[in-house]
Structures are given as structure tokens and as C-alpha cells.
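Have a look at the structure below before the remarks.
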Amino acid sequence: MKTLGVGILGFGFMGKTHTYAHHTIPLYYSPLPIKCRLKAVCEVTPELAAAAMETGQFERCTTNPLGVKGSGEAGCIGAPPAVINALVDALAPYGIKHIDMPATPRAIWEAIQAARPRAAAE
Ligand SMILES: NC(=O)c1ccc[n+]([C@@H]2O[C@H](COP(=O)([O-])OP(=O)(O)OC[C@H]3O[C@@H](n4cnc5c(N)ncnc54)[C@H](O)[C@@H]3O)[C@@H](O)[C@H]2O)c1
């Protein structure tokens, strides 16, 4: 049977999710036309890489050539809704309940202009 060697770059949420999928795929699809082997996992530091190798049962582990950590989306995913919610709160007196991104100054000005006749009529 053909073997597919799998490498995972980063052992955060997605790395763990994909590792789990490779471990469990034979439970769902059987017989598989290929055998998956978890060959290598890459993390930022040797300690993280070793821990990832053990947890994910990879054959080996490594760090990235630059030894740097990229930015994930976890830290920034909350910012846009927070900014838009703050804008909608600020514009509530105009009866505005929704602002699309990108919330440019022009888009906000137009939303206020569109809301003025509505607010005056109420
Ligand atoms: N979380 C999701 O639901 C989801 C869904 C689809 C796509 N993604 C994408 O998948 C990627 C990973 O997301 P995540 O949620 O697993 O993030 P995460 O922050 O949970 O995990 C990222 C992992 O990568 C490691 N890492 C960072 N820079 C590295 C480098 N240079 N070399 C080796 N390892 C490095 C970090 O130490 C961390 O363990 C992101 O690009 C994200 O946009 C995430």
C-alpha cells in the first residue's frame, strides 16, 4: 500500500485538528487506498517542537529555519467586531444599527446622512 507522509507546520489549534484527523481517518474511511504516516511537526522552539512530536505521535520534529513566530489570527480576530460595535454604539442616536466594513469616514458620514430624515420623521 502507498504511504503518504504528512508534515504539520505549527501545532496550535489547526495543527492539532489536522493531526487528530490523520490519526482517526481510518475509523471513518475503511479501507483507505493509502496509509498516512505522521512524519514531522514544526514548531517555534525546540521545546514546543518536542512536545508537539510527543503529543501528536510524529516521527520527528523540527523548528522553522528563522526561529521566528508568525502571527496567528487568534489575537486579531476580535478587533474588527469590537471596533464596529463601538461605532454602532456611537451612532445609535441616529437610529443606525449596522455599519459595513470597511467603516471609512465617508461610509459613516453617508450612514448619518441617510439616517437623518428617518430620525427626523420619527
Ligand atoms: N483556527 C481556525 O479555526 C482556523 C481555520 C482555518 C484556517 N486557520 C488558519 O490556520 C493558521 C493557524 O491557525 P491556528 O488557529 O492553529 O493558530 P494557533 O495560534 O492556535 O497556532 C499556530 C501555531 O503555529 C506556531 N507557529 C507560529 N509561527 C511559526 C513558525 N514560524 N514556525 C513554526 N510554527 C509556528 C505557533 O507556535 C502555534 O503553536 C492561521 O493561518 C489561521 O488563519 C485557522
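The values are calculated or read from the model by the stated rules, or taken from the named source; none is laboratory data. All values derive from a computational prediction rather than experimental measurement. Cβ sites come from the backbone with ideal geometry, for glycine too, and all protein chains shown count toward neighbours.
Is region 49-69 home to any residue that is out of contact with any strand residue (DSSP E or B) (no Cβ under 7 Å at 6 or more places or on another chain), at pLDDT 95 or above and not β-branched (V, I, T)?
Checked against the condition, which is being out of contact with any strand residue (DSSP E or B) (no Cβ under 7 Å at 6 or more places or on another chain), at pLDDT 95 or above and not β-branched (V, I, T), region 49-69 yields at least one hit.
Taking strands (runs of 3 or more DSSP E) that do not extend beyond region 1-111, which have at least 3 residues that are closer than 30 Å to A121 by Cβ?
In region 1-111, no matching strands (runs of 3 or more DSSP E) lie anywhere.
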A79 is checked against (1) closer than 30 Å to R116 by Cβ; (2) surrounded by 11 or more Cβ atoms within 10 Å (Cβ to Cβ) and fails just one. What number does that condition carry? (2)
Quick check: is even one residue across region 64-84 of a type in the set (G, A, S), more than 30 Å from K2 (Cα to Cα) and away from the ligand (no atom under 16 Å from the Cβ)? yes
So which residues in region 15-36 are closer than 15 Å to M53 by Cα, surrounded by 13 or more Cβ atoms within 10 Å (Cβ to Cβ) and either in contact (Cβ under 8 Å) with a residue 24 or more places away in the chain or within 11 Å of the ligand (Cβ to nearest atom) (or both), if there are any at all? G15, K16, H18, T19, H23
